[in-house]
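Here, each number is a calculation from the coordinates, and none is a lab measurement. What you see is a predicted model, and the numbers here were worked out from it, not measured in a lab. In this analysis, Cβ positions are derived from the backbone assuming ideal geometry, glycine residues included, and neighbour counts consider all displayed protein chains.
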Amino acid sequence: MTTEMMPKRLELLREAIPTVSRVMFVHDAEAAPNAFKLTQDVAPRLGMTMQAAHLTGTEDFLSELKTIAKERPEALLVYPDVVLGTHPRPQQLADFAIEAKLPTVHAFRFYVDAGGLMSYGATTSEIYSTAAEQVVKILRGARPSELPIQQATRFELVINNKTAKALGIKIPPSLLERADEVIE
């Protein structure tokens with residue numbers, strides 16, 4: 001459901017920072033073919049325009065981030081793919097965003113723990129426990145093709161208020177109250 005949740009993350013960004021209008025969708029081009037279009041379709045209703053930045057995850061990663069800054073987006077909407085979710089990328093992305101004064105929205109809390117502004121997505125504990133249950137079934141003889149696809153049922157909103165302050169952003173109290181966790 002990561003792709004399907006991207007418009008909701010954009011809505012949360014609008015709620016956190018009502019003045020934001022130019023958002024950069026950051027992703028590995030091969031990992032999210034539908035996510036950008038889905039988000040781009042919702043953006044005008046929110047008074048936003050979307051751009052896409054395709055990152056490759058090569059050794060030029062930090063150069064790629066600097067290229068993003070030259071486009072002058074007001075925020076980054078980060079798609080959680082292998083390129084951006086693998087160590088040390090979340091920390092590099094957070095450091096870049098804070099230095100460039102760019103708020104970021106993510107799917108998973110580990111990005112926020114690294115310094116991203118906020119995340120909304122399935123809880124990591126549910127993802128891992130579901131995966132473990134599937135592995136156990138396979139080890140007990142079940143055929144992977146016969147196992148049902150399971151979708152997440154628990155979602156969390158995590159806000160890094162320390163990052164918000166570093167960016168000069170005051171998150172509305174109504175959003176902070178709805179957050180499952182606020183990092184101070």
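Mean sequence separation of contacting Cα pairs (under 8 Å, at least six apart), scaled by the length of the chain, corresponds to a relative contact order of 20 percent.
Within the stretch 88-184, the trypsin sites (Lys or Arg not before Pro) that combine a DSSP coil assignment with at most 13 other C-beta atoms in a 10 angstrom radius are 101, 140, 154, 170. Kirkwood Rh over Cα pairs of the stretch 92-184 into Stokes-Einstein at 25 °C, 0.890 mPa s: D in µm²/s? So the translational diffusion coefficient is about 165 µm²/s.
In the chain, helical runs assigned H by DSSP with n ≥ 4 each contribute -39500 (n - 2.57); averaged across all residues and rounded to the nearest 500, the mean residue ellipticity at 222 nm is -12000 deg cm²/dmol. When the alpha carbon gyration tensor of the stretch 13-59 is reduced to an equivalent ellipsoid, the three semi-axes, largest first, read 22, 12, 7 Å. Pairwise inverse Cα distances across the chain, averaged and inverted, put the Kirkwood hydrodynamic radius at 17.0 Å. Contact order, relative form, for the stretch 1-110: 33 percent (alpha carbon pairs under 8 Å, 6 or more residues apart, mean separation divided by residue count).
Projected onto their three principal axes, the Cα atoms of the stretch 22-113 cover extents of 35, 26, 24 Å, largest first. Annotation for residue 155 and residue 174: the two label points, set 7 Å from Cα along the Cα-Cβ direction, are 1.8 nm apart.
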